[in-house]
Structures are given as C-alpha cells and as structure tokens.
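Engineer: Got a structure for you, written out below as structure tokens; questions coming shortly.
The values are calculated or read from the model by the stated rules, or taken from the named source; none is laboratory data. Quick caveat, the model's predicted, so the values are computed rather than measured. Cβ atoms come from the backbone with ideal geometry, glycine included; neighbour counts cover every protein chain shown. The protein model used for the area step is the full one, side chains on, heavy atoms only, and it has no ligands, DNA or RNA in it. Shrake-Rupley method; radii C 1.70, N 1.55, O 1.52, S 1.80 Å.
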Amino acid sequence: MKRILVTGGAGFIGSNFIQYLLAERQDIERLVNLDLLTYAGNLENLLPVQDDRRYTFVHGDIRDRKLVSELFETCDFDTVVHFAAESHVDRSITEPEVFLTTNVLGTQSLLDAARRRWNLEPDNKYCREYRPGVVYLQVSTDEVYGALGKTGMFTEQTPISPNSPYSASKAGADMVVRAYHQTYGLPVNITRCSNNYGPYQFPEKLIPLMLHNAQADKSLPVYGDGMQIRDWLHVKDHCSAILTVLEKGVRGEVYNIGGNNERANIEIVRLILSELGKPESLITHVQDRPGHDRRYAIDNTKITTTLGWAPAYTFERGMRETIEWYLQNPGWVERVVSGDYLDYYSRMYGEV
Ligand code: NAD
Ligand code: TYD
C-alpha cells in the first residue's frame, strides 16, 4: 500500500481515516483525496494534514469517468478506499435520485477505472490476473441488511434487505462490487459498519445534532418513541478496522465492523443532556421517520477472530471525548451550520 485513492475524504469518516492513515503508515508515498465537496464535504476537517507532502486534494466527482480514469493513469494507485456517498437516510427519503447516481453509478465508475488500470489484459474479458498487491475497498453499512427484531445480529450471511433509498443504494453498490469480483476477479473487499460517532460528524446525524441543539437550548427532535436501537462505533475504531482489512483481509470477502454497543436513541439523547447539564424537557417526540429500521446489531466475530481486529474505545470514553471535541470546537459547528465553510472553500481554491 503505497499510492492510495481515498474518495469522500472531506466527509466525516473519510477525513478521520486520512488523518489516521497518514499518522499510522509513514511508508505511504501518496494519498489522493477525491471529493466533490457536497454540503457534507468540509476541507477544514483536513487542516491537520494539508501540509503533509504525501497528501493531495482533488475537487471532483466520482461519477466523472474521464477524471477518475486520468487520476488512475497519473497517480498509479495500488489501493482504493471508497467512502464517497450520499449518506443521510432522511435526505434519501426526500431526494432519492442522487443517492442512486452517486452511490451506485459512482461506485461503478471507480470499479471500471480500477479494473482497466490493474488488470494485466484489460481488453480480455476472461483475464482474471491483476497487478500484485492491488485492492479496492468498498465502505458499506450494516443498513443493507435491513432491520432486526428484539433479538439476533447481522452476520455476513444475513440476506441483504434494505428499507430506505439510502440503504438500497448502498446495497446496489455492494452488489456491483461483488459482481466485479465474481466476473472479472477484481481484488475487492466490502466492509459493513454500524453507526459511527466522533469528531467532524456533520450535525444532521443523531449525536452531533442533539449536541448542537442542546447547547443552544433548542428542542431535541426524537423520532417516534426513541426506542430504535443502533450499534455505535467510534470512528477511530472504524478507521483501524479498515486498515486491518486492507492489510490482512482475504480478497473477495465481506467483513462486518461493529463494537457490540447497542443503545436506544433516547438513551443517547438523555446521556447528552446529562453531560451538558441540560433538562430533559428539551426532548420533543416528533413524527417517526417513514420506513424507520427498529434495530441494528452487528456480529463482528469474523473480523475479530480471523483478522485479529478489536475496537479500542468503550462507549463511555468515546462519548466523553466526542462531547468534549464539539464543546472545544464551536467554530467548526457554527461554520458548518451557517454555510460559512463554503466561503472557506472558495477562499482556498477560488471555486466551490
Ligand atoms: P459524509 O456524508 O460525512 O461524507 C461523504 C463525503 O462524500 C463528503 O465529503 C462528500 O462531499 C463526498 N461526496 C458525495 N458525493 C460525491 C461524489 N459524487 N463524488 C465525490 N465525492 C462525493 O459520510 P460519512 O458519514 O463520512 O460516510 C462515509 C461512508 O461510510 C459512506 O459510504 C457511508 O455510506 C459509510 N458509512 C457511514 C456510517 C456512519 O455512521 N456515518 C456507517 C457505516 C457506513
Ligand atoms: P442517523 O444519525 O440519521 O443514522 P441512521 O439513520 O443512519 O441510523 O440516526 C440515528 C438514529 O437516530 C435513527 O434511529 C434515527 C434517529 N434520529 C432521531 O430520532 N432524530 C433525529 O433528529 C435524527 C437525525 C435521527
């Protein structure tokens, strides 16, 4: 792993991953971050690495096949870590189309470029030989498995059964990645992770949204009864799991990633209020999300037993540090919320 393409590296998990990887692996020669800078992309997340000579930002769209193939030609990547996506379930309910084009067709554009560049005989559809050491990693989600009842956990064998336009688009992308492995032999992995939390998460997602509102004494909109369960993982644990799969994963395999940390939404909201010393009267139960998945839970046996990965964070420590980060970075949140960060991009790059 010397020359890496990270897509969506200006988003929440991608920016944490770039910081993590550049700190962990000094032998990386080049890391290119291809990001369209949608509302969710924020170059401020990458200030700690922007002067690292190994790091380059490219403003562009994964659906732009010409750009993607030129990048593969000029940068000679041996590794792709694909984060770029439309990632928010609520937005997918009101604007599903962009989820399909970005998440499915964008993935296919990257797969085509990787196959073309890495296959030893790209014009021969029967050739399954690739340059040694190359790998394409698809960052996916536990949401492709659908919803659980009160018991049970998602394993890698659980049938795909998505319920939202977001999870359907991620499932579609996973199926295309699988097909490129089965048909062309492309060396791929798919990782399916549970809900992440940590620094740099856009305040449309549960934890930063509730933190932001609680700080401002605004009401905290809990969907339905708030008893939906998610399996929370600190973003740094997600990053270490991805690195483990890149370095030790068996190509063609799917790996579930989760921290055995199931919590009801209402529990998290109460925890945030209590940490901030705010009253529970701020909680407002609002109309439930349509098609809302009741429970997610990841069985992480495969990655822990076969690759030796384990999460390092307890939920208590992770939440304490996350709350502290948001309290210490009010400017980051304000700029994201007010849209000032768009000006920041144009100041930096002369365009948005
Ligand atoms: P995010 O919304 O914070 O970031 C997405 C990034 O992708 C942004 O920087 C955005 O500008 C970029 N992007 C969007 N469309 C693009 C395009 N067409 N071309 C190039 N860049 C584009 O998302 P996130 O929470 O960091 O999630 C990253 C990945 O991890 C996604 O694939 C998501 O499905 C997956 N995932 C997220 C979670 C979670 O809890 N957040 C859990 C499991 C899996
Ligand atoms: P979210 O962070 O959007 O992640 P996902 O839908 O991908 O799991 O939501 C996490 C949970 O929190 C989910 O059950 C929906 C719920 N939720 C609320 O109750 N209120 C909110 O305002 C938001 C954004 C989420």
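Engineer: Nearest-5 percent of antiparallel DSSP beta bridges in the chain?
Structural biologist: In the chain, DSSP labels about 10 percent of beta bridges as antiparallel.
Engineer: Projected area of the range 209-322, taken from the Cα convex hull and averaged over every viewing direction, in nm²?
Structural biologist: If you wrap the Cα atoms of the range 209-322 in a convex hull and average its projections, you get 8.1 nm².
Engineer: Given 0.36 nm per residue, what is the gain on full extension from S281 to T314 after removing their alpha carbon distance, in nm?
Structural biologist: 9.1 nm
Engineer: Kindly give Rg over Rh for the range 165-229, based on alpha-carbon atoms, with the Kirkwood expression for the hydrodynamic radius.
Structural biologist: 1.18
Engineer: Also, I was wondering about something else. Can you work out the Karplus-derived ³J(HN,Hα) for every residue in the range 284-294? Use 6.51 cos²θ - 1.76 cosθ + 1.60 with θ = phi - 60°, whole Hz, and x for glycine or proline.
Structural biologist: For the range 284-294, the Karplus-derived couplings read 10, 7, 10, 4, 5, 5, x, x, 4, 5, 6 Hz, x marking Gly and Pro.
Engineer: Residue by residue through the range 324-338, what is 3J(HN,Hα) from phi via Karplus (6.51 cos²θ - 1.76 cosθ + 1.60, θ = phi - 60°)? Round to whole Hz and write x for glycine and proline.
Structural biologist: 4, 4, 5, 5, 7, 10, x, x, 4, 5, 4, 5, 5, 5, 7
Engineer: In percent, how large is the relative contact order of the chain, given Cα pairs closer than 8 Å and 6 or more residues apart?
Structural biologist: 17
Engineer: Can you give me the % of accessible surface on the range 1-100 that is carbon or sulfur? Probe 1.4 Å, all protein chains present, nothing else counted.
Structural biologist: Looking at the range 1-100 in its full context, I get 49 percent from C and S.
Engineer: Sticking with this one: Would you list which aspartates and glutamates come within 19 Å of K125, measuring only between C-alpha atoms, while excluding same-chain residues fewer than 8 positions from it?
Structural biologist: Cross-link targets: D112.
Engineer: To the nearest 0.05, what FRET efficiency results for Y223 and E129 with a Förster distance of 35 Å applied to their C-beta separation?
Structural biologist: Between Y223 and E129 the formula returns 0.10.
Engineer: Return one whole number: the accessible area per residue of the range 203-285 in Å², for a 1.4 Å probe.
Structural biologist: Result: 37 Å² per residue.
Engineer: Let me ask something additional. Counting only residues 5 or more places away or on other chains, whose amide H sits under 5 Å from the amide H of I283 once H atoms are built in the peptide plane?
Structural biologist: L220
Engineer: How long is the chain along each principal axis, judged by its Cα atoms, biggest number first, in Å?
Structural biologist: Sorted largest first, the three principal extents are 65, 49, 37 Å.
Engineer: Given Cα pairs under 8 Å that are at least 6 residues apart, what percent is the relative contact order of the range 8-62?
Structural biologist: Across the range 8-62, relative contact order equals 45 percent.
Engineer: Each label point is 7 Å from the Cα along the Cα-to-Cβ direction; what then is the distance between the points at Y39 and S346, in nm?
Structural biologist: Spacing of the two 7 Å Cα→Cβ label points: 1.8 nm.
Engineer: Another one. Where does helix 235-248 land angle-wise versus the long Cα axis of the chain, in degrees 0 to 90, nearest 10?
Structural biologist: With both axes taken from Cα atoms, the answer is about 20 degrees.
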